[in-house]
Amino acid sequence: MSAEVITTRWCTPDELHLVNVRYAEVRFQPSAEGDRQLVAFAFGHLAGLGRLVSYSPAVELGGIWVDPAHRGQGLARAVVSRLVAAAGLGPVYCLPFAKLEPFYASFGFRQVSSGEAPSALQVKLQFCAATYADPTLLMRLVERVQAR
């Protein structure tokens with residue numbers, strides 16, 4: 001998919017409900033008003049989501065969802081790239097499914113022990129383990145790289 005047909009922008013407060021409907025469909029925790037929610041469009045249609053959740057001074061990069069019809073076309077990479085750029089200089093964590101470890105490693109994330117994360121993220125990691133069949137990892141951004 002060419003870059004010209006993928007657009008990303010920050011979600012408006014009026015759109016938060018629509019984002020959370022999509023998240024409920026995939027059993028993700030809902031976004032709150034204080035989260036920075038990114039929406040991605042392909043050919044003008046909502047095709048991807050991602051968010052930054054503050055655990056001051058740390059941030060969680062998460063809620064990455066791509067419509068199955070648009071997978072493999074660079075949309076997740078566009079979303080994660082924009083979120084990493086907007087995450088600030090504090091600690092940045094993510095909780096991806098283990099099968100996605102190479103994808104997140106390409107941005108500079110590395111697996112870390114749960115004791116390194118804020119307690120709220122440790123609780124979320126337990127939620128993920130209890131909710132999803134796929135194992136979930138705790139990763140931290142250790143170097144900012146230009147993802148391929």
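Figures for the structure shown
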{"item": "Every residue from the stretch 106-125 that is of a type outside the set (Lys, Arg) and either modelled with pLDDT of 95 or more or under 15 Å from the mean Cα position of the chain (by Cα) (or both)", "result": "106, 107, 108, 109, 111, 112, 121, 125"}
{"item": "Residue, farthest from residue 79 (Cα to Cα), within the stretch 106-148, restricted to residues that are of a type in the set (A, V, I, L, M, F, W, C) and in a strand (DSSP E or B)", "result": "139"}
{"item": "Selection within the stretch 31-74 - in contact with a helix residue (DSSP H, G or I) (Cβ under 7 Å, 6 or more places away or on another chain), at positive phi and not in a strand (DSSP E or B)", "result": "43"}
{"item": "When residues of the stretch 75-105 are limited to those that are within 18 Å of residue 34 (Cβ to Cβ) and either part of a helix (DSSP H, G or I) or among the aromatic types (Phe, Trp, Tyr) (or both), the one farthest from the chain's Cα centre (by Cα)", "result": "86"}
{"item": "Any hit, the stretch 52-63, residues being polar (S, T, N, Q) and in contact (Cβ under 8 Å) with a residue 60 or more places away in the chain", "result": "no"}
{"item": "Residue match in the stretch 2-19 (condition: closer than 26 Å to residue 135 by Cα and out of contact with any His (no Cβ under 9 Å at 6 or more places or on another chain))", "result": "yes"}
{"item": "The stretch 3-30, subset in a strand (DSSP E or B) and β-branched (Val, Ile, Thr), residue modelled with the highest pLDDT", "result": "8"}
{"item": "All positions within the stretch 30-50 that are out of contact with any Ser or Thr (no Cβ under 9 Å at 6 or more places or on another chain), surrounded by 12 or more Cβ atoms within 10 Å (Cβ to Cβ) and not aliphatic (A, V, I, L, M)", "result": "30, 31"}
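The values are calculated or read from the model by the stated rules, or taken from the named source; none is laboratory data. Quantities reported herein were computed from a predicted structural model and do not represent experimental measurements. Every residue, glycine among them, receives a Cβ derived from its backbone with ideal geometry; neighbour counts consider all protein chains shown.
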